[in-house]
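Heads up, the thing below is written out as structure tokens.
Here, each number is a calculation from the coordinates, and none is a lab measurement. What you are looking at is a predicted structure, and each value in this text was computed from that prediction instead of being measured.
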């Protein structure tokens, strides 16, 4: 399970933290981006600032409290401005799946790679032993971020995209060192 006592986690570039009401408008606007619509596995077909606030107060708060779902903000480390979202879901005692997306204006600065590194650190601190991910075979940006983050492709399979169409997915895994291991790297 995820241990929220380690949140927020940050480096000199990004902060990974619980979503706040102040993020609602930027989150809703970000989900309208064509690339986010095509590749992110968003649970709702459309978001408004009000629906995001309800999600923050409901599903997100409940998932964090249980330790089995974390829909987090990827924020700029200096300004704390919302840049995107990273989610850990399907959490078990020793593993979770990770997904992420960025607003268009935040892309190209390696923020996702930094956020993924922080998610790996948090997962280790929480005692998880592995993270998995899956992305469309056509989503070269996410595939690059996952490879850079130490995730290895383990298989390909057909799956359903958020649009409802069938796509080829690449499944990834990153085995995490024990948190007691002093040589553990993120």
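The stretch between residue 110 and residue 34 holds 25.4 nm of extra length on full extension. This uses 0.36 nm per residue minus the Cα-Cα distance. Rounded, prolate or oblate: which one fits the stretch 39-84, using the alpha carbon gyration tensor with axes a ≥ b ≥ c (rounded when a/c is under 1.5, else prolate when a/b beats b/c, else oblate)? Verdict is oblate for the stretch 39-84.
Checking the a/c ratio against 1.5 first, then a/b against b/c, what shape does the Cα gyration tensor give for the stretch 1-79? It is oblate, given that a/c is not under 1.5 and a/b is not larger than b/c.
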